[in-house]
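**Student:** Quick one: this structure, given as structure tokens, is what I'll be asking you about.
Computed from the coordinates by the stated procedures, all read-outs in this text should not be read as laboratory data. Keep in mind that this is a model prediction, so the values were computed, not measured. Heads up, the Cβs are rebuilt from the backbone with ideal geometry, glycines too, and the neighbour counts pull from every protein chain shown.
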Amino acid sequence: MVELLTKEDIKALDEKMDKILDVLSSKKKSEPGEWLKSAEVKAILNCSDATLKNYRDSGSLPYSKIEGTYYYSVKSVSAMLEQNSQKNQISSNGN
């Protein structure tokens, strides 16, 4: 079954990608590395603590835990967004 993207879907994805770019640009200024803390990931994915925990528990979003703090790679978060956006392909005829 082909699902079409609405303008709202495209706008939401664009906003999430903007959040990723904002986080990445601020990380480059403040601290080196390609890791995000839970609060940053929740802002990017617009999800709750419980949803983020479900992603960890299900293996949907790989993480590292150091002294009680969870870290997520930027690549993993971006890959999750990409995988979910591919489920809603725009048909080639524009309908």
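**Student:** Non-local amide H neighbours of Leu5 (under 5 Å, H modeled in plane, Pro and chain starts lacking H): which ones?
**Tutor:** Ile90, Ser91
**Student:** If a/c stays under 1.5 just call it rounded; otherwise compare a/b with b/c (prolate if a/b is bigger, oblate if not). Do that for the stretch 7-85, with a ≥ b ≥ c from the square roots of the Cα gyration tensor eigenvalues.
**Tutor:** Oblate, since a/c reaches 1.5 and b/c is not below a/b.
**Student:** What does the charge count around Leu52 come to, taking other residues whose C-beta lies under 12 Å from its C-beta (Lys +1, Arg +1, Asp -1, Glu -1)?
**Tutor:** Values: positive: Lys37, Lys42, Lys53, Arg56; negative: Glu40, Asp49, Asp57.
Once positives and negatives cancel, what remains is +1.
**Student:** Please turn the phi angles of the stretch 52-59 into ³J(HN,Hα) values with the Karplus equation 6.51 cos²θ - 1.76 cosθ + 1.60 (θ = phi - 60°), one per residue in order, whole Hz, x for glycine and proline.
**Tutor:** Couplings: 4, 4, 4, 4, 5, 5, 7, x Hz.
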